[in-house]
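Colleague: Quick one: the structure is below, and I'll ask about it shortly.
The values are calculated or read from the model by the stated rules, or taken from the named source; none is laboratory data. None of these values were measured; they are calculated from a predicted model. Positions of Cβ are generated from backbone atoms using ideal geometry, with glycine treated the same way; all protein chains shown enter the neighbour counts.
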Amino acid sequence: SSLKAHFNKQFLVGSAINAQQAKKTNKDTHAIIIAQFNTITPENEMKWERIHPKPDKYEFSLSDEYVNYGLTNNMFTIGHTLVWHSQTPDWVFEDAQGKPISRLALLARMKDHIHTIVSRYKGKIKGWDVVNEALNEDGSLRDSKWRQIIGDDFIEKAFTYAHEADPNAELYYNDYNLYKPDKSAGAARLIKSLQDKGIPVHAVGLQGHYSLTHPDLSELDEALTLFSTLGIQSMITELDVSVLPFPSEAEQGADISQDLDLQKALNPFPNGLPQKQQDALSARYRALFSLFLKQQNHLSRVTFWGVNDANSWRNNWPMLDRTDYPLLFDRTNRAKAAYDAVIALPVD
Ligand code: G3I
């Protein structure tokens, strides 16, 4: 069996992949992607700084490779991400003298970027993370350069441009911590305001960077129910579960990589993950997927953020060079007990 076969009637199951993994030379990882998943997301290759590094320069070689990989392997291929405050070069917001550009000039740049990329992959990329992480934790709009220069309507403009370029593509709003009541309420308000203006938005993406203790699953359940009342689907778009204690300083966004006490925890399990933590990870994944099954009528996709533990970003966050174990496949691409726990869940 496989994840995609097991949950076939419920939701798509996918993984973020990066340029390296999409190469068939990486045979083991490639084999897992093909066997287990029916949807893929590009981990980094379509972010603004990669795909559009200079005003007059688009870099399509890696994104073309990614899209061809999806087409060849019959995957529901996702685009990630068109408008984000992060990984976007400074030039986007500035003129040649380094001064902030006008609202109209930034809208023109945004439109060119979205039209160029979305049209290039029209009909091939089936769903786009159009706007990523536009909300603060209290549910208000983040004070990004997009918002400072354009205004609150930068979000509806992004969705409108994406829809113009490919009217058949699904368009998503994607963010983290959307289980938190204030933030999910903010996302619901945002989506409702787009709907009221007739702007197409097809799903909300809940990133899903979790731990053994976060989120509280009843809060996640309530958030999924809230989004379903808007008449749209939810998607878990970037799932991983850290087994390591979460330093609260990092939660506040502080740079803690120099903190000596925390450095001690870089590799707390040098002989591999102990049974106790393996059991906790299995139980956590089982509980999460039980909730996803409960919400299956409102949940159309579950995507892991990476294929195996070795290539997870969690090894570099919240601290650099930390050894974490957040995914269903281990560093040698073997299925973990957490995989067995997930696939043992009864589906109907
Ligand atoms: O590839 C270069 C390498 O050549 C260079 O030597 C090295 C030194 O800095 O950097 C490498 O690039 C890094 C890249 O990951 C690949 O490992 C970038 O610095 C690093 O910033 C980048 O981090 C990515 C991060 O987004 C920022 O774009 C992570 O891989 C990626 O998993 C993460 O994904 C995000 C989602 O897009 C949005 N939601 C949150 C999620 C996790 O942060």
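Colleague: Out of all the residues in the stretch 85-99, which are loosely packed, with under 14 Cβ neighbours inside 10 Å, at negative phi and more than 16 Å from the ligand (Cβ to nearest atom)?
Modeller: Asp95, Ala96, Gln97, Lys99
Listed here are the residues, each with its yes/no results for (1) within 16 Å of the ligand (Cβ to nearest atom); (2) buried (at least 21 other Cβ atoms within 10 Å of the Cβ); (3) touching a residue at least 40 places away in the same chain (Cβ under 8 Å); (4) among the basic types (Lys, Arg).
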site	(1), (2), (3), (4)
Leu190	no, yes, yes, no
Gly205	yes, yes, yes, no
Ser211	yes, no, no, no
Pro215	yes, no, no, no
Glu219	no, no, yes, no
Leu239	yes, yes, yes, no
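One line per residue, one yes/no per condition, for (1) in contact with a helix residue (DSSP H, G or I) (Cβ under 7 Å, 6 or more places away or on another chain); (2) not in a strand (DSSP E or B):
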| residue | (1), (2) |
| --- | --- |
| Ala188 | yes, yes |
| Lys192 | no, yes |
| Gly198 | no, yes |
| Pro215 | no, yes |
| Asp221 | yes, yes |
| Leu226 | yes, yes |
| Ser234 | yes, no |
| Asp240 | yes, no |
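Colleague: If you don't mind, another one. Checking Asn168 against (1) out of contact with any helix residue (DSSP H, G or I) (no Cβ under 9 Å at 6 or more places or on another chain); (2) without any contact (Cβ under 8 Å) to a residue 40 or more places away in the chain, only one condition comes out false. Which one?
Modeller: (2)
Colleague: What are the residues in the stretch 35-51 that are farther than 22 Å from Trp313 by Cβ and surrounded by 15 or more Cβ atoms within 10 Å (Cβ to Cβ), if any? Working first, answer last.
Modeller: Let us first name the residues in the stretch 35-51 that are farther than 22 Å from Trp313 by Cβ, namely 35, 38.
Residue satisfying the conditions is Asn38 alone.
Colleague: Given (1) without any contact (Cβ under 8 Å) to a residue 12 or more places away in the chain; (2) closer than 20 Å to Met235 by Cα, where does Asn132 come up short, assuming only one miss?
Modeller: Asn132 satisfies all of (1) without any contact (Cβ under 8 Å) to a residue 12 or more places away in the chain; (2) closer than 20 Å to Met235 by Cα except (1).
Colleague: Shifting gears a bit: Among the residues in the stretch 100-119, are any under 17 Å from Lys157 (Cβ atoms), modelled with pLDDT of 95 or more and within 16 Å of the ligand (Cβ to nearest atom)?
Modeller: Looking for residues that are under 17 Å from Lys157 (Cβ atoms), modelled with pLDDT of 95 or more and within 16 Å of the ligand (Cβ to nearest atom), one finds at least one in the stretch 100-119, hence yes.
Colleague: Hey, Pro326 hits all of (1) within 11 Å of Leu281 (Cβ to Cβ); (2) more than 13 Å from the ligand (Cβ to nearest atom) but one; which does it fall short on?
Modeller: Pro326 satisfies every listed condition except (2).
Colleague: Could you say which residue among Leu62, Leu71, Leu82 is within 16 Å of the ligand (Cβ to nearest atom), farther than 21 Å from Tyr161 by Cβ and hydrophobic (A, V, I, L, M, F, W, C)? Explain how you work it out, then say what you get.
Modeller: Numbers: Leu71 fails: within 16 Å of the ligand (Cβ to nearest atom); Leu82 fails: farther than 21 Å from Tyr161 by Cβ.
Checking each option against the conditions leaves just Leu62.
Colleague: Looking at the stretch 293-304, is at least one residue surrounded by 20 or more Cβ atoms within 10 Å (Cβ to Cβ) and within 13 Å of Ile32 (Cβ to Cβ)?
Modeller: Scanning the stretch 293-304, I find at least one residue that is surrounded by 20 or more Cβ atoms within 10 Å (Cβ to Cβ) and within 13 Å of Ile32 (Cβ to Cβ), so the answer is yes.
Colleague: Another question, if that's okay. Going by what's in this entry, would Ala158 be described as away from the ligand (no atom under 14 Å from the Cβ), buried (at least 17 other Cβ atoms within 10 Å of the Cβ) and either over 13 Å from the mean Cα position of the chain (by Cα) or closer than 21 Å to Ala105 by Cα (or both)?
Modeller: For Ala158, the condition - away from the ligand (no atom under 14 Å from the Cβ), buried (at least 17 other Cβ atoms within 10 Å of the Cβ) and either over 13 Å from the mean Cα position of the chain (by Cα) or closer than 21 Å to Ala105 by Cα (or both) - is met.
Colleague: Looking at the structure I just gave you, is Asp129 assigned to a loop (DSSP other than H, G, I, E, B), under 26 Å from Ser102 (Cα atoms) and not hydroxyl-bearing (Ser, Thr, Tyr)?
Modeller: no
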